[in-house]
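Notes for the one structure printed next.
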Amino acid sequence: MFLSVFDLYKIGIGPSSSHTVGPMVAARRFLDSLKDVALPEGSRLRVSLHGSLAFTGKGHGTDRAVILGLAGETPDGIDPDNVASILARMAAEKAVRLADGRTIAFDPATDVIFDFGPALKGHANGMIMHVEAGSTTIAIETFYSIGGGFVQTEAERSSSVAKGDTPPANVPFPFSNAAEMLAMGQRAGKTIAEMKRANEEVVHGATLDEKLDRVWNVMNACMQRGLAQQGILPGGLSVKRRAADVLAKLRAEQGGNAIQPHRVMDFLSVYAMAVNEENAAGGKVVTAPTNGAAGVIPAVIRYYLDHCVGADAKGVHTFLLASAAVGGIIKHNASISGAEVGCQGEVGSASAMAAAGLCAALGGTNAQVENAAEIALEHHLGMTCDPVGGLVQVPCIERNAFGAVKAVTAASLALRGDGTHLVHLDTCIETMRQTGLDMSERYKETSTGGLAVNVVEC
């Protein structure tokens with residue numbers, strides 16, 4: 001198994017990696033697939049959204065993401081400030097334009113269909129894109145947005161379920177679970193971050209550190225913007241941005257005589273909330289490993305840099321590499337999709353990754369890093385995904401703060417021990433997978449249970 005750090009840390013826009021980033025990628029892929037297709041006069045393009053993409057698609061901006069993808073935009077390339085003008089143009093033109101200048105009829109108001117029937121069999125986040133001319137189907141493809149911005153066609157989904165991920169032939173440490181990772185590290189005398197670096201250098205070579213710096217810079221810029229913005233988040237719930245106000249209060253206390261020792265946790269929380277407020281507003285974020293959980297890892301990195309002794313840029317690289325090693329194992333053996341396993345797969349996975357990253361950056365052994373990830377994930381098991389109004393706001397924003405706090409606690413506990421523990425990370429990941437299978441669909445990003453039906457939207 002080889003999943004690159006840059007597969008887990010994708011640059012995109014909010015509010016959701018599975019409902020915004022993934023559908024935009026799928027729409028662009030479908031658009032590109034039409035370049036060699038003959039299009040009879042009267043051809044029309046339609047998109048149907050299924051499962052969680054239908055039930056919470058409006059709140060997550062899935063229809064908007066599809067339209068942007070069909071406009072030729074990509075998650076990492078689009079400027080969030082241009083979204084409104086692109087959507088307005090598509091609504092006015094009522095057509096999709098291919099790279100060769102041909103056009104296909106497409107009315108954003110009627111040709112993106114929310115299908116509230118049974119979900120498609122391949123995944124809870126399914127979408128079907130097709131071009132028709134009268135009663136004749138010209139082109140059709142089924143896509144699944146499987147979490148974290150990852151997208152698979154029907155054929156790719158079937159293949160990956162059967163075979164798993166295949167690493168490049170020359171990756172030196174192709175571990176597929178935590179036990180293999182620890183065994184390889186012991187045999188080679190290398191840390192988890194060193195093994196992950198060796199794997200990544202096969203693909204990215206000398207550009208690796210530059211690319212890692214870009215990921216952190218985008219994370220930090222998102223956080224900085226979130227810490228400076230005020231006002232009400234879009235979507236109709238009237239959720240007020242709080243990060244800027246909380247930060248102002250923390251700074252006002254600086255130098256005072258009555259500062260509480262837990263104040264450092266307030267900084268950690270506000271860092272996470274700032275990112276997820278930006279995500280909820282549709283800003284530029286990094287999936288880590290998803291948009292809904294995008295605040296945990298940046299918050300813990302910022303905590304490391306601002307509050308930990310001996311922190312430096314090299315430590316950030318170590319953090320990102322070790323955390324990605326753990327994230328790849330989780331995704332390979334379970335899921336990072338809230339629509340598939342609930343929020344344990346999103347904030348739970350992010351917290352485990354952050355705990356591993358912090359423990360590694362602070363000099364933890366491989367056994368301690370694995371222990372830190374397990375502790376953090378274990379205490380998110382069973383967490384549901386029940387966003388109020390289908391928006392990535394309540395309980396998602398505060399939940400990232402708690403995921404960050406748990407990550408720091410897990411790393412600290414692991415560093416105080418020698419790496420010996422009863423429940424291993426692989427066991428915890430398998431338990432998360434089984435729990436996700438047992439979990440009712442109402443609690444897996446459909447907004448048909450939990451807080452989503454018990455909070456009055458007014």
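The values are calculated or read from the model by the stated rules, or taken from the named source; none is laboratory data. These numbers were taken from a predicted model, which means no experiment stands behind them. Using ideal geometry, Cβ is built from the backbone for each residue, glycine included, and neighbour counts are taken over all protein chains shown. With ligands, DNA and RNA removed, areas are computed over all heavy atoms of the protein, side chains included. Shrake-Rupley method; radii C 1.70, N 1.55, O 1.52, S 1.80 Å.
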Selection from the stretch 25-71 of residues part of a helix (DSSP H, G or I) and of a type in the set (G, A, S) yields A26, A27, S33, S52, A54, G57, G59, A65, G69
Only one of (1) among the aliphatic types (A, V, I, L, M); (2) surrounded by fewer than 21 Cβ atoms within 10 Å (Cβ to Cβ); (3) in contact with a Cys (Cβ under 7 Å, 6 or more places away or on another chain) does not apply to L381, and that is (3)
Here the residues within the stretch 198-213 that are in contact (Cβ under 8 Å) with a residue 12 or more places away in the chain and open to solvent by 60 Å² or more (accessible area, probe 1.4 Å) are V203, K211, D213
Exception for L87 within (1) of a type outside the set (K, R); (2) under 25 Å from T287 (Cβ atoms); (3) more than 21 Å from the chain's Cα centre (by Cα); (4) open to solvent by 70 Å² or more (accessible area, probe 1.4 Å) falls at (4)
Restricted to the stretch 331-342 and to residues being polar (S, T, N, Q) and farther than 17 Å from N400 by Cα, the residue surrounded by the fewest Cβ atoms within 10 Å (Cβ to Cβ) is N333
message = One residue is enough: does the stretch 321-340 have a residue meeting the conditions farther than 17 Å from A411 by Cβ, part of a loop (DSSP other than H, G, I, E, B), among the hydrophobic types (A, V, I, L, M, F, W, C) and in contact with a Phe, Trp or Tyr (Cβ under 9 Å, 6 or more places away or on another chain)?
response = yes
Considering residues that are farther than 27 Å from V455 by Cα and either touching a residue at least 12 places away in the same chain (Cβ under 8 Å) or part of a loop (DSSP other than H, G, I, E, B) (or both), the number found within the stretch 237-267 is 15
Checklist entry - Within the stretch 343-356, is even one residue over 17 Å from K10 (Cβ atoms), within 17 Å of the chain's Cα centre (by Cα) and open to solvent by 10 Å² or more (accessible area, probe 1.4 Å)? => result yes
Checked the stretch 51-84 for anything open to solvent by 10 Å² or more (accessible area, probe 1.4 Å), more than 20 Å from the chain's Cα centre (by Cα) and not β-branched (V, I, T); matches are A71, G72, D81, N82, A84
* Asked: With respect to G22, is the statement that it is part of a helix (DSSP H, G or I), surrounded by fewer than 24 Cβ atoms within 10 Å (Cβ to Cβ), within 23 Å of the chain's Cα centre (by Cα) and of a type outside the set (K, R) true?
  -> no
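A quick yes/no check of all residues on (1) at pLDDT below 95; (2) surrounded by fewer than 21 Cβ atoms within 10 Å (Cβ to Cβ); (3) farther than 30 Å from G42 by Cβ:
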residue	(1), (2), (3)
V131	no, no, no
G134	yes, yes, no
R157	yes, yes, yes
A178	no, no, yes
Going through the stretch 408-423 in order, the residues found to be surrounded by fewer than 17 Cβ atoms within 10 Å (Cβ to Cβ) and either farther than 17 Å from A322 by Cβ or β-branched (V, I, T) (or both) are R416, G417, D418, T420, L422, V423
Output for Cβ contacts, cut-off 7 Å, separation at least six or different chains, first residue over 21 Å from N279 (Cα atoms) in the stretch 396-417, second outside any helix (DSSP H, G or I) and open to solvent by less than 30 Å² (accessible area, probe 1.4 Å), reads A414/G364; L415/G364
Within the stretch 86-110, the residues that are at pLDDT below 95 and either at positive phi or assigned to a helix (DSSP H, G or I) (or both) are G101
* To do: With the condition kept exactly as written, say whether any residue in the stretch 226-236 is surrounded by fewer than 16 Cβ atoms within 10 Å (Cβ to Cβ) and in contact with a Phe, Trp or Tyr (Cβ under 9 Å, 6 or more places away or on another chain).
  => no
By residue number, the members of the stretch 387-398 that are under 19 Å from M439 (Cα atoms) and open to solvent by 10 Å² or more (accessible area, probe 1.4 Å) are P395, C396
Note on P234: of the conditions (1) of a type outside the set (K, R); (2) over 23 Å from the mean Cα position of the chain (by Cα); (3) assigned to a loop (DSSP other than H, G, I, E, B), unmet is (2)
